[in-house]
Amino acid sequence: MEHIVIIGNGISGVTAARHIRKLSDHKITIVSAESDYFFSRTALMYIYMGHMTFENTKPYEDWFWKKNRIDLKKGFVNLIDTDTKTLHFENKESLKYDKLIIAAGSKPNKFGWPGQDLNGVQGLYSKQDLENLEVYAPDNNTCKRAVIVGGGLIGIELAEMLHSRNIPVTFLVRESSFWNGVLPESDSAMINREIERNGIDLRLSTNLKEIVSDENDKVKSVIIEETGEEIACDFVGLTAGVSPNINFLKNSTIETHKGVLVNRFLETNISDVFAIGDCAEQREAIGNRRPIEAVWYTGRMMGETIAQSVCGNRIPYKPGHWFNSAKFFDIEFQTYGWVHGKKAKPEYEEQYHWKHQDDNKCITIAYHKDNNEFLGINTFGIRMRHEVFDKWLTEKRSVDFVLSHLKEANFDPEFYTHHEADILKTCNNFYQTA
Amino acid sequence: MSNKLNYSLSIATPDGYKNTPRQKAIILTGVVGLFVLVLTLFNLDTFSGLALYTSLSLICLSISSYAIDLYVSKPEGIKNNGVWFKSISSRGLYGWLTGVVLTLFYIVLYFYPQYLGLNLNGGANTGLIAFFDPLSRLLSGNPASQWFVYGTLYTIAILAFGFKFLLKYRHNRYEQLRTYSVMFFQLAFAFLIPEFMARLNSDTFSLPYYDLKNIWPLNYYNFEQYRVDSMISAGDVGLAILIFGIASIFIITPILTYKYGKRWYCSWVCGCGGLAETAGDPFRHLSDKRQFAWKIERWVIHSVLVFVVLMTTAVVHSYLEADTSKYWLTKDVFLILVASFLTLIFVLTMIFKRHELGKDARYGAIGYFIIIMVLFAMHYVSNSNIFLFQAETLRSTYGFLIGSIFSGVIGTGFYPIFGSRVWCRFGCPMAAILGFQQRLFSKFRITTNGGQCISCGNCSTYCEMGIDVRAYAQKGENIVRSSCVGCGICSAVCPRGVLKLENDSMKGRINSKEILLGNDVDLMDLVNQK
């Protein structure tokens, strides 16, 4: 019986632990400095908005861990001695392992802005971030205005959160349109409008120059790079992406770059040490995927994969077709396959776009211009079936096939209005005029 | 961590979730309307029909205006901001006060109706009940009873809070249609039709008060002697209604449940469900999600079902004749019919669905089957009192414990404490029957969308039946649970479009997966085939 130690109790580490338990009798310990029990990070926003309690965010009841013989240890690892296979904790305790899985997740990016470490300036990633948010932005008396820096998924969630407590929000987005590094222009433009419909002061093509402090080392205002405008605020959310949380590996022999470097088997340069989830960086990219994928689903898939390897069935991490999802205020977003934004779009990729007149539903379908092969779909405000698109992508269906069978993929609740006919018509017109 | 931090993560009220001055004024209007109702209890003798209609209108106006103020100016979408911060919906002071007041009201209504003005000596009523006379005379021609008062308030609650729910979910057509449906069935079937039917009654023709959608065993008294006698003596119409009552549970219910799941009844038709989905909606997240609660649920609800079957059998048995000369359906024939029917269900389930039943469900079924058989056997041995008790004792005990205490006092009075579906989840024998069928013989399921679940837990939080929906969704497994009433809220609140209520083929309905869609296809094959 080996002792498997997992650093990190997020979705990656916990999935690994659960699957190792299913496959083996190994002793399993999960180490976390963040929380006693696994909770869903993606649900932190709903605690602040009053939809859920922290208790509601735990996917497993507290008895689950003991019943499945998964030991939970709260503590911060500050040194890994890979020669003696020992973890050293901040409080001088230590723990021996036979195999180590690093699943330490991410931390919010800071780009050296002046004032970025002031009180009231923070990201939104951990439970501690949420607790600090309650201190600096509990209501619109304490926080007269909040500024969010960085137009990605966490930025827009933070805007929705603050807005739910009637705190005025200014949202600084470096790009010319929200998340247009990923989304095609029309998709992105609709989200811009959704942000503004919700009363957010959206500033596109706008960079942060500095964060100004008051006499108590707390944020007082921010200054805009382009205009020099000073915006008074009591809270600054830094949401310009995340990067691997690997500072604690600095003094170890484990090789890192931006993240912990791993091969396709999720193995690091040190034997019996693995890395999964947000903190892992692939040495060789997989398909169109980025070397570091800070996404819930990929974390879970790496956890499923590593459990096999640790339990004797050494297999590479080989994710299937790309998929993802998000919600932008009241607009749900799902994506299957690859649809690129303007900058990253390969030369062979063409796109159809359809938008509903209510401006809260749209889809973009990508296809190969030479052979009409369906490449991917972005769908906003219309739910689609994962299984159907996964199958169509595997079967390399043509875009015409996908368009004419779109109804089979619909996953909206019963009695919802269907738009397939309208979508087909729009795309046919597009095709004739293009 | 400082106290402030703990405080913030606990469920205290941050500012911004208080009522605005306008909302306070709107609430005050409703309180005035309610206050008039309370005043009538003092027999001030100054109230007219106008006062009644004004009072009821103020209450309706208050609830609907509040809903308009709350939702119409905001974009369409999920409206759960601050649910856990508001006192009324997070077991705060207002929540407890509401719970206590409702509970007291139910205790008075069921056990001390004289305090509402009921004249126990058969004379004219006074107080609150007399206050409702004008409306009752308008509908049925008769003076009001405490049940008419209750029925009126109940209907108003479903209509007014139904309007609120319609605005809250105005982006969701499933929720809209479902709510129109429960509002219609409450107003027409539970409230107006029985009152109009009473108008048909004369010295020579009399039908019992009958809400046609209220099916046995929820309507546990439907086959009591006075009702059956009354229906039989009312000629063809009465007989038709009696046959409809029997067909409802043995023919109509199984067909509809097979096609659509128990939701066709529990969240589209039923009055208990109707109240839970409208007035009870702000409390749905308070249901207990622990696995422990699920264990208790299964024992309690099935015990109630056994109780109601025994009780009804005993009651019917008690008024049937012993010899065959008068009518073919004698005491013995009836008992043999019941025993054969139960045996048939039991045997069929064990033959075809044995594998789908969890261990304890199987033990429970065997246990209860044995109990019933033993009781029958005892009857033949002793031949004095069926099932060891007098039928009347069973009936009155059931009426008191289940009919009054469980469904009324606990079921509705405790909305703000235990959530809105306590009765439906733990007590309703009708739900037990429909649930049994939904779990084993139905096309209904909640489909999980591949690997899209992010385990956020909105679905579980807002499940009024306390189902841990997330536990299924994050395994990529469809949700097939006896208790699911198909309200559709889990699907509505899901931020990632993972859940869809649908009717599809029975094959592959239950589909647990170890490795979710999106990962290595070889790995999925390897692990999921096992």
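The values are calculated or read from the model by the stated rules, or taken from the named source; none is laboratory data. Source: prediction; values computed, not measured. Heads up, the Cβs are rebuilt from the backbone with ideal geometry, glycines too, and the neighbour counts pull from every protein chain shown. Just the protein is used for accessible areas: all its heavy atoms, side chains included, with ligands, DNA and RNA removed. Shrake-Rupley method; radii C 1.70, N 1.55, O 1.52, S 1.80 Å.
Quick notes
- B:Arg445 meets the conditions (1) within 10 Å of another protein chain (Cβ to nearest Cβ); (2) in a strand (DSSP E or B) in every case but one. The failed one is (1).
- Of all residues in the range B:472-502, those being of a type in the set (A, V, I, L, M, F, W, C) and away from every other protein chain (no Cβ under 11 Å) number 5.
- Pair list, Cβ < 7 Å and 6+ apart or interchain, from the range B:282-311 residues that are under 14 Å from B:Ala432 (Cβ atoms) to residues that are of a type in the set (D, E, K, R) and surrounded by fewer than 16 Cβ atoms within 10 Å (Cβ to Cβ): none
- Subset of the range A:309-322 (residues that are surrounded by fewer than 23 Cβ atoms within 10 Å (Cβ to Cβ) and at the interface with another protein chain (Cβ under 10 Å from one of its Cβ atoms)): A:Asn313, A:Ile315, A:Pro316, A:Lys318, A:Pro319, A:Gly320, A:His321, A:Trp322
- 2 or more residues open to solvent by 10 Å² or more (accessible area, probe 1.4 Å), touching a Pro at 6+ places or on another chain (Cβ under 8 Å) and touching a residue at least 60 places away in the same chain (Cβ under 8 Å): qualifying strands (runs of 3 or more DSSP E) within the range A:339-434: A:349-355
- Residue that is farthest from A:Lys99 (Cα to Cα), among those in the range A:33-83 that are open to solvent by less than 10 Å² (accessible area, probe 1.4 Å) and of a type in the set (Ser, Thr, Tyr): A:Tyr48
- Restricted to helices (runs of 4 or more DSSP H) entirely inside the range B:120-189, those with at least 3 residues that are open to solvent by less than 20 Å² (accessible area, probe 1.4 Å) and within 21 Å of B:Leu70 (Cβ to Cβ) are B:146-168, B:173-184.
- Criterion: at pLDDT 90 or above, over 21 Å from A:Ala43 (Cα atoms) and not assigned by TED's automatic domain parsing to the domain that holds B:Pro282 - qualifying residue of B:Ile446, B:Ile467: B:Ile446
- Looking only at residues in the range A:245-271 that are among the basic types (Lys, Arg) and open to solvent by 70 Å² or more (accessible area, probe 1.4 Å), the one that is modelled with the lowest pLDDT is A:Lys250.
- Answer residue from the range A:323-338, given it is under 30 Å from B:Pro75 (Cβ atoms) and part of a loop (DSSP other than H, G, I, E, B) and is farthest from the other protein chains (Cβ to nearest Cβ) among those: A:Phe329
- Residue in the range A:221-232 that is among the small types (Gly, Ala, Ser) and surrounded by fewer than 19 Cβ atoms within 10 Å (Cβ to Cβ) present: yes
- Within the range B:316-329, residues that are over 19 Å from B:Arg395 (Cα atoms) and of a type in the set (Val, Ile, Thr) reach partners that are surrounded by 14 or more Cβ atoms within 10 Å (Cβ to Cβ) and at pLDDT 80 or above with beta carbons closer than 6 Å, at six or more positions or on different chains, in the pairs B:Thr324/B:Thr330.
- Qualifying positions in the range B:346-358 - at pLDDT 70 or above and within 21 Å of B:Arg481 (Cα to Cα): B:Phe346, B:Leu348, B:Thr349, B:Met350, B:Ile351, B:Phe352, B:Lys353, B:Arg354, B:His355, B:Glu356, B:Leu357
- Pairs are defined by a Cβ separation below 6 Å, a sequence spacing of at least 6 or placement on different chains, a first member in the range A:79-97 that is more than 12 Å from A:Asp272 (Cβ to Cβ) and assigned to a strand (DSSP E or B), and a second member that is open to solvent by 100 Å² or more (accessible area, probe 1.4 Å) and among the charged types (D, E, K, R); the pairs so defined are A:Thr86/A:Lys96.
- Any hit, the range A:162-178, residues being open to solvent by 50 Å² or more (accessible area, probe 1.4 Å), hydrophobic (A, V, I, L, M, F, W, C) and in the same structural domain as A:Val236 (by TED's automatic domain parsing): no
- Selection count, the range A:84-97, where residues are open to solvent by 60 Å² or more (accessible area, probe 1.4 Å) and closer than 22 Å to A:Ile306 by Cα: 1
- Taken over the range B:481-517, the criterion of being touching a strand residue (DSSP E or B) at 6+ places or on another chain (Cβ under 9 Å), open to solvent by 10 Å² or more (accessible area, probe 1.4 Å) and polar (S, T, N, Q) is satisfied by B:Asn503, B:Asn511.
- Scope the range B:202-229; condition open to solvent by 20 Å² or more (accessible area, probe 1.4 Å) and either part of a helix (DSSP H, G or I) or polar (S, T, N, Q) (or both); matching residues: B:Ser202, B:Thr204, B:Ser206, B:Asn214, B:Gln225, B:Tyr226, B:Asp229
- Inspection of the range B:452-471 finds no residue satisfying the criterion of being away from chain A (no Cβ under 12 Å), open to solvent by 10 Å² or more (accessible area, probe 1.4 Å), under 27 Å from the mean Cα position of the chain (by Cα) and on the phi < 0 side of the Ramachandran plot.
- Test result for B:Leu102, more than 14 Å from chain A (Cβ to nearest Cβ) and within 30 Å of B:Tyr169 (Cα to Cα): yes
For every residue, the table says whether it meets (1) modelled with pLDDT under 95; (2) in contact with a helix residue (DSSP H, G or I) (Cβ under 7 Å, 6 or more places away or on another chain); (3) of a type in the set (Val, Ile, Thr).
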site: B:Ser48; (1), (2), (3): yes, no, no
site: B:Ser62; (1), (2), (3): no, yes, no
site: B:Ala67; (1), (2), (3): no, yes, no
site: B:Pro75; (1), (2), (3): yes, yes, no
site: B:Lys86; (1), (2), (3): yes, no, no
site: B:Arg91; (1), (2), (3): yes, yes, no
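- Qualifying positions in the range A:272-300 - among the charged types (D, E, K, R), modelled with pLDDT of 95 or more and either in a loop (DSSP other than H, G, I, E, B) or open to solvent by 30 Å² or more (accessible area, probe 1.4 Å) (or both): A:Asp272, A:Arg283
- The condition of being open to solvent by less than 40 Å² (accessible area, probe 1.4 Å), closer than 26 Å to B:Met506 by Cα and under 24 Å from the mean Cα position of the chain (by Cα) holds for only one of B:Ala247, B:Ala293, B:Ala276, that being B:Ala247.
- Inter-residue pairs, beta-carbon under 6 Å, first more than 7 Å from chain A (Cβ to nearest Cβ) and in the range B:515-528, second open to solvent by 20 Å² or more (accessible area, probe 1.4 Å), 6+ apart: B:Val527/B:Glu514; B:Asn528/B:Lys513; B:Asn528/B:Glu514
- Breaking point among (1) at negative phi; (2) crowded, with 18+ Cβ neighbours inside 10 Å, for A:Phe329: (1)
- Complete set of residues in the range A:1-22 that are in contact with a helix residue (DSSP H, G or I) (Cβ under 6 Å, 6 or more places away or on another chain), part of a helix (DSSP H, G or I) and not hydroxyl-bearing (Ser, Thr, Tyr): A:Ile11, A:Ala16, A:His19, A:Ile20
- All of A:Lys99, A:Lys127 fail the test of being of a type in the set (D, E, K, R) and within 13 Å of chain B (Cβ to nearest Cβ), apart from A:Lys127.
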